[in-house]
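What follows is one structure encoded as structure tokens, with my remarks underneath.
Readers should treat all values here as calculations from the given coordinates under stated rules, not as data from a laboratory. Quick caveat: nothing in here was measured; it's all calculated off a predicted structure. A quick note on method: Cβ atoms are made from the backbone with ideal geometry, for glycine too, and the neighbour counts reach across all protein chains shown.
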Amino acid sequence: MPKHLLSPLQTGSVHLNNRVVMAPLTRSRAAQPGDIPRALNVEYYAQRATAGLIVTEASQISRQGQGYAWTPGIYTDEQEAGWKTVVDAVHAKAGKIALQIWHVGRISHNLLQENGVAPVAPSAIVAENAQCFVVQPDGTPANVPTAEPRALALEEIPGIVEQYRQATIRAKRAGFDLVEVHAANGYLLQQFMSTNSNLRDDIYGGSLENRARLTLEAVDAAIAEIGASRVGIRLSPGFVAHGIADSEAEPMALYLAAELNERGIAYIHIAEPDWAGGAELTQAFRQQLRAAFKGTIICCGGYTAAEADALIVSGLADAIAFGRPYIANPDLVARFAKGAELNKPDRNTFYGGEEKGYTDYPTLEEVEAASA
């Protein structure tokens with residue numbers, strides 16, 4: 001049994017029953033119109049409430065911040081009310097839940113934007129070999145190449161920061177235990193941080209500190225509304241999809257870690273680059289990250305329970321996030337505790353649809369009862 005993985009953890013001001021984190025997983029099943037969390041989503045998250053912490057699927061902070069059809073938002077009253085039903089269901093089962101707040105930047109398309117305008121980005125550079133998920137004019141869904149973005153004007157950037165602030169206010173009202181600022185996976189904040197996607201010559205471009213500015217402003221906006229001890233961030237140093245090729249990825253992550261440590265945020269959540277084709281994180285980098293940040297470090301990178309336990313024992317991580325295993329195993333914690341076999345996820349049902357491949361995976365208890 002992975003006893004360290006299953007032991008409790010204090011993360012900021014939030015007590016977690018174990019160190020098994022449900023990673024954020026885009027599933028594209030919000031109610032339409034309006035991208036509103038619905039009863040099916042409530043069931044899905046409540047099924048997984050034994051996780052030490054659930055990090056929700058990424059939720060756009062504005063219509064402009066959307067890059068995939070049918071993903072939930074957190075910028076309307078209806079979306080906020082929908083998320084509250086999810087939070088209440090998870091809390092009723094003694095679970096803890098963080099809302100991941102998200103702006104995709106250039107990983108979008110005119111079909112997703114209000115009035116068909118261009119997506120926004122730090123610079124007007126198309127993301128190479130990147131796709132987004134849209135509903136076409138004839139009503140059929142499709143993956144399409146991302147559209148050419150326009151560069152955000154300097155005077156627009158405070159408005160983006162305000163979107164993060166308002167999203168946090170709504171998350172707090174909905175009852176979320178934490179918010180996680182999504183600064184990973186090639187979306188807007190990482191586009192600002194990356195050397196190849198940010199060619200600005202103002203206070204948001206050029207130096208490493210300037211490229212980190214928007215990310216820290218977004219974090220500071222969240223802190224101002226919910227408190228540092230209830231704020232986390234997701235980073236993906238070494239990420240190479242969505243047109244990202246950052247020549248200063250590790251220095252950026254370590255600079256942010258030091259800045260975030262000073263702010264006293266609850267956690268840093270590292271999305272490891274292996275699944276996106278990037279190089280593995282080095283032991284030296286992990287040690288530098290640990291030295292720079294004294295709060296909780298969550299790592300997510302295709303770990304088994306035994307590997308996760310070992311990383312926690314090493315002191316280089318405090319908790320481990322699991323993505324695809326949580327798609328197919330709502331009772332992942334119980335399966336880890338018993339060393340039980342895991343259900344295999346059905347990739348064909350990852351995005352869009354109803355209960356099939358979403359809420360119909362059997363628990364260990366159900367499997368055992370059926371075979372008795």
For the chain, average projected area of the Cα convex hull in nm²: 17.0
Unit charges at the beta carbon, dipole of the chain: most positive-side option, GLY12, ASN41, VAL144: GLY12
Cα-projected label distance for GLU307 with THR363, points at 7 Å along beta-carbon direction, nm: 2.8
All lysines inside 17 Å of LYS344 as judged from Cα atoms, apart from same-chain residues fewer than 8 positions distant: LYS356
Beta bridges per DSSP with both ends in the chain, % antiparallel, nearest 5: 20
Residue exposure sequence - ARG263, ARG290, ARG211 - by fewest surrounding Cβ within 10 Å: ARG263, ARG290, ARG211
Formal net charge of residues neighbouring ALA372 (Cβ-Cβ distance under 12 Å; K, R +1; D, E -1): -3
In nm, spacing of pseudo-spin labels at ALA118 and LYS93 (7 Å Cα→C-beta vector): 4.5
Rounded Å value of the spacing that divides the Cα centres of the stretch 348-365 and the stretch 193-211: 41
Partner lysines for LYS294 [C-alpha distance under 26 Å; skip if fewer than 8 residues away on the same chain]: LYS3, LYS96, LYS172
Using a Förster distance of 25 Å, the FRET efficiency for ASN196-GLN283 (Cβ separation, nearest 0.05): 0.40
Average Cα contact separation per residue, the chain, under 8 Å, 6 or more apart, as relative contact order %: 18
Förster-model FRET efficiency, 30 Å R0, ALA334 and ALA81, C-beta, rounded to 0.05: 0.45
Sequence ranges 216-226, 349-359, ranked by mean other-Cβ count within 10 angstrom, highest first: 216-226, 349-359
Estimated Rh, the stretch 29-142: Kirkwood, alpha-carbon pairs, angstrom: 15.0
Residue-span extension gain [SER314 to GLU156] - 0.36 nm each, minus C-alpha spacing: 52.5 nm
Shape box of the stretch 140-194 [Cα atoms, principal axes, largest first, Å]: 36, 35, 22
Filtered GluC sites (Glu not before Pro), the stretch 253-350: DSSP coil and at most 16 other beta carbons within 10 Å: GLU280, GLU341
